[in-house]
Amino acid sequence: MRHLGHAVLDMLLPPRCLACATPVLAEGTLCGDCFHGIRLIGPPLCECCGIPFLHAGQGEPALGGGLLCPRCAAEPPPYRRARAAYLYNAGAKRLLLPFKYAGRTELALPLARQMARAGRALLAEAELLLPVPLHRRRLLSRGYNQAGLLAGRLSGLSGVPWAPDLLRRTRRTAALAGQGAAARAAQLEGAFRLASGGAARVAGRRLLLVDDVLTSGATASACAAVLLAAGAARVEVLAAARVPDPRQDEDT
């Protein structure tokens, strides 16, 4: 009966591409053109920050295996590992920008499915999912926290519990687009804190931060620093998309 119901719905409301609304064969998929426009991230990549390499020769050998980008080899971030599903290119933007700014909240599930694939190893070890928070004014104007929607969907897919309001953004920061890594870090200093009683919930636990786009890692690093200072055993990061060059002008 369920399959019959889906068939009837497909006749009445034909499935559409998630990105461009072109008719497709199955709900929740991309058309051929949009599919070929995106790139799923896989090896070779930086074992620490998850930046993809064009070839393995771009990385430096890491202790324990894998490769590191020059930046992580010189100055590792406070989080242990970061992974993302998509390279943040023009194709990925056709999914991420409507999801983030245009109320396309139904995209959270297909995005989370790809994140669960890319972050399988991280999710297997995580004890709690924490979305990167929005400032209350931005949350009020947008109506939702896109990272919170992703974290909720990931929780449902993986069975790892999540805490939507445990990590909070205490002040609104200027737009990060166009700023280098150092300027981003300075803007975010002191911008995050735990909710009352939050330290007891994170102490000794393996935490996974969830966000939509990972750029320089400044936001993730600021959040990780707060969580580690509160006694977290480990912090890792899982995003829907990853900017390949941290100097590109994309906000996160």
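The values are calculated or read from the model by the stated rules, or taken from the named source; none is laboratory data. Every value quoted in this text rests on a predicted model; they were computed, and no experiment measured them. For neighbour counting, all protein chains shown are included, and Cβ atoms are generated from backbone atoms with ideal geometry for every residue, glycine included.
Annotations
- Filtering region 192-221 to residues that are over 14 Å from the mean Cα position of the chain (by Cα) and in a helix (DSSP H, G or I) leaves Gly198, Ala199, Ala200, Arg201, Val202.
- Among the candidates Gly152, Gly148, residue that is at pLDDT 95 or above, closer than 22 Å to Tyr101 by Cβ and more than 12 Å from the chain's Cα centre (by Cα): Gly152
- Scanning region 51-89 for residues that are in a helix (DSSP H, G or I) and surrounded by 13 or more Cβ atoms within 10 Å (Cβ to Cβ) gives Gln58, Arg71, Cys72, Ala73.
- Checking each residue in region 222-245 for being modelled with pLDDT under 95, surrounded by fewer than 21 Cβ atoms within 10 Å (Cβ to Cβ) and either in contact with a Leu (Cβ under 8 Å, 6 or more places away or on another chain) or in a strand (DSSP E or B) (or both) picks out only Pro244.
- The residues of region 40-50 that are exposed (fewer than 15 other Cβ atoms within 10 Å of the Cβ) and either in contact with a Gly (Cβ under 9 Å, 6 or more places away or on another chain) or not aliphatic (A, V, I, L, M) (or both), listed by number, are Gly42, Pro43.
- Checking each residue in region 122-153 for being part of a helix (DSSP H, G or I), of a type in the set (S, T, N, Q) and in contact with a strand residue (DSSP E or B) (Cβ under 8 Å, 6 or more places away or on another chain) picks out only Gln146.
- A single entry from Arg104, Arg136, Arg113 fulfils the requirement of being of a type outside the set (Val, Ile, Thr), under 24 Å from Leu30 (Cα atoms) and surrounded by fewer than 16 Cβ atoms within 10 Å (Cβ to Cβ): Arg113.
- Residues located in region 100-116, provided they are of a type in the set (S, T, N, Q) and either farther than 14 Å from Leu154 by Cβ or more than 13 Å from the chain's Cα centre (by Cα) (or both): Thr105
- Verdict on Pro23 being more than 30 Å from Arg206 (Cβ to Cβ), without any contact (Cβ under 8 Å) to a residue 40 or more places away in the chain and more than 24 Å from the chain's Cα centre (by Cα): yes
- Considering only residues in region 209-221 that are under 18 Å from Pro76 (Cβ atoms) and of a type in the set (A, V, I, L, M), the one that is surrounded by the fewest Cβ atoms within 10 Å (Cβ to Cβ) turns out to be Ala218.
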